[in-house]
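Structure record follows, encoded as structure tokens.
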Amino acid sequence: MSYQFQFQELLPYTDQFVRGVWLTVQLTAVSTVLGLALGTAGAAARRYGNRLLRTLVGAYVEIVRNTPFIVQLFFIFFGLPNLGVRLTAGEAAVIAMVVNLGAYSTEIIRAGLQAIPKGQVEAGQSLGMSGVQIFRYVIIRPALGKIWPALSSQCVIVMLGSSVVSQISAEELTFAANFIQSRNFRSFEVYAVTTLLYLALALGLRQVFGLIGRQLFARR
Amino acid sequence: MPEFTLWDIARNLLLAARWTVLLSLIAFAGGAVTGLLLTLARVSKYPLLRLLARGYIELFQGTPLLMQLFLAFFGLSLAGIEVSPWVAASLALTLWTSAFLAEIWRGCVEAIPKGQGEASASLGLSWLEAMRYVILPQALRIAIPPTVGFSVQVIKGTALASIIGFIELTKAGTMLNNATFQPFTVFSLVALMYFALCYPLSLYAHSLEAKLHAARRT
């Protein structure tokens, strides 16, 4: 007995697929921006903060990097209400993704900060730049430029990881796929198409990061 | 309804953690074998082989592990093979691991100076012999730290097997949560156990890396 693939049964659900892709794009966009902001703050704290702050940020990074994302998600969505913090599935998903990306990007950006030669900072000081100006123009920009490829890959990993948030019934692409296959029972076809959509999203996201990288960090 | 003490929860989670460890070992061993073949294909002299290996790696690195698990789970049953979560999870995690290991190892092989390969060729070694006796032993040395580091990702990856019904640490956590209604305690313990598995490996990878760089500096 051989199985007949029936991809045409997916056509009536095109709208759901499109909506799922769009939700995943939005989820990723919000989490990436907030996550990278958190990572930049974390990296600055680990590099320039006092001892207590460095230890705290270090513990945050290690806890997040050594536990699975899905457990972090369950902890935030199911565990935090025990402490009186009630979150919708969407909020919990964004928070989990931001916390996750924040930890990884802290480590990546810190490596970039370490690669900035001291003389560069001193040159900035001798030009009379303020501390904030030095951080903005002399430190963070070239630091991000150095580690941009690693940072891009991490953001792609977080986007792919977002498929897991369907498990707390946050709506995105995998949630849409689960819904569709519960209607037409074409599990394999539905997940094959969904997988290709994720592949396209990953390739697209990489292009976007490449474009941003060239815009921001091109050598002039 | 039975009462669960903290020890009951911890004990059940510890029992389930055995399956996390076993699944990680299967995925890592299978992934290492497949990954080695992929690495050889990726650096081979045949363009088609290189292209296929590259496509494989792109596909598995560019799609969610969860989708790969679903496809293994539903795809195998279409092929007429009776699927247990064990088989589907082992297969998907093996393929996923092999793609990442191949990409890590390719970097290590390419880090070996080209002259080494040319020297082997001028000594009359075949490509495979050169790989076996000259290139891979040297690449192995620099490959160990990132490989140990990646094993942490494999352990964390096994958590997704819970979604296709494989009972390991995360699945046991959700089941205990449904029975006890103590999500904060249960998921804290689950996280703690993953941390206990992963953090030593992270530290070990870090120290191996530091040693390697120290050796190179002198």
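List of remarks:
- For segment B:16-37, the set of residues classified as open to solvent by less than 20 Å² (accessible area, probe 1.4 Å), closer than 29 Å to residue A:205 by Cβ and hydrophobic (A, V, I, L, M, F, W, C) consists of B:27 only.
- Within segment B:111-121, considering residues that are free of Cβ contacts under 8 Å to residues at least 12 places away in the same chain, part of a helix (DSSP H, G or I) and not aliphatic (A, V, I, L, M), the one nearest to residue B:24 (Cα to Cα): B:114
- For the residues A:78, A:74, the requirement of being within 14 Å of chain B (Cβ to nearest Cβ), closer than 17 Å to residue B:170 by Cβ, open to solvent by 50 Å² or more (accessible area, probe 1.4 Å) and aromatic (Phe, Trp, Tyr) singles out A:78.
- The one condition in (1) closer than 28 Å to residue A:173 by Cβ; (2) surrounded by 18 or more Cβ atoms within 10 Å (Cβ to Cβ) that residue B:79 fails to fulfil: (2)
- Of all the criteria given as (1) away from every other protein chain (no Cβ under 12 Å); (2) touching a residue at least 40 places away in the same chain (Cβ under 8 Å); (3) of a type in the set (Gly, Ala, Ser), the one not satisfied by residue A:131 is (2).
- One residue from A:160, A:144 being under 15 Å from residue A:36 (Cβ atoms), in a helix (DSSP H, G or I), open to solvent by less than 40 Å² (accessible area, probe 1.4 Å) and modelled with pLDDT of 90 or more: A:144
- Top-ranked residue of segment A:183-210 - restricted to ones that are outside any loop (DSSP other than H, G, I, E, B) and among the basic types (Lys, Arg), ranked as most open to solvent (accessible area, probe 1.4 Å): A:183
- All positions within segment B:186-218 that are hydroxyl-bearing (Ser, Thr, Tyr) and more than 8 Å from chain A (Cβ to nearest Cβ): B:204, B:207, B:218
- Within segment A:46-71, the set of residues being assigned to a helix (DSSP H, G or I) and within 14 Å of chain B (Cβ to nearest Cβ) comprises A:58, A:59, A:60, A:61, A:62, A:63, A:64, A:65, A:69, A:70, A:71.
- Looking only at segment A:1-45, and only at residues there that are open to solvent by 70 Å² or more (accessible area, probe 1.4 Å), polar (S, T, N, Q) and assigned to a helix (DSSP H, G or I), the one that is farthest from residue A:104 (Cα to Cα): A:8
- Of all residues in segment B:141-169 being part of a helix (DSSP H, G or I), more than 10 Å from chain A (Cβ to nearest Cβ) and over 17 Å from the mean Cα position of the chain (by Cα), the one that is nearest to residue B:99 (Cα to Cα): B:142
- Filter pass, residue B:156 being of a type in the set (D, E, K, R) and open to solvent by less than 30 Å² (accessible area, probe 1.4 Å): yes
The values are calculated or read from the model by the stated rules, or taken from the named source; none is laboratory data. Because the structure is a prediction, the values reported are computed rather than measured. Neighbour counts run over all protein chains shown; Cβ positions are idealised from the backbone, glycine included. Ligands, DNA and RNA are stripped out before the accessible areas are found, and what is left, the full protein with its side chains, is counted by its heavy atoms. Shrake-Rupley method; radii C 1.70, N 1.55, O 1.52, S 1.80 Å.
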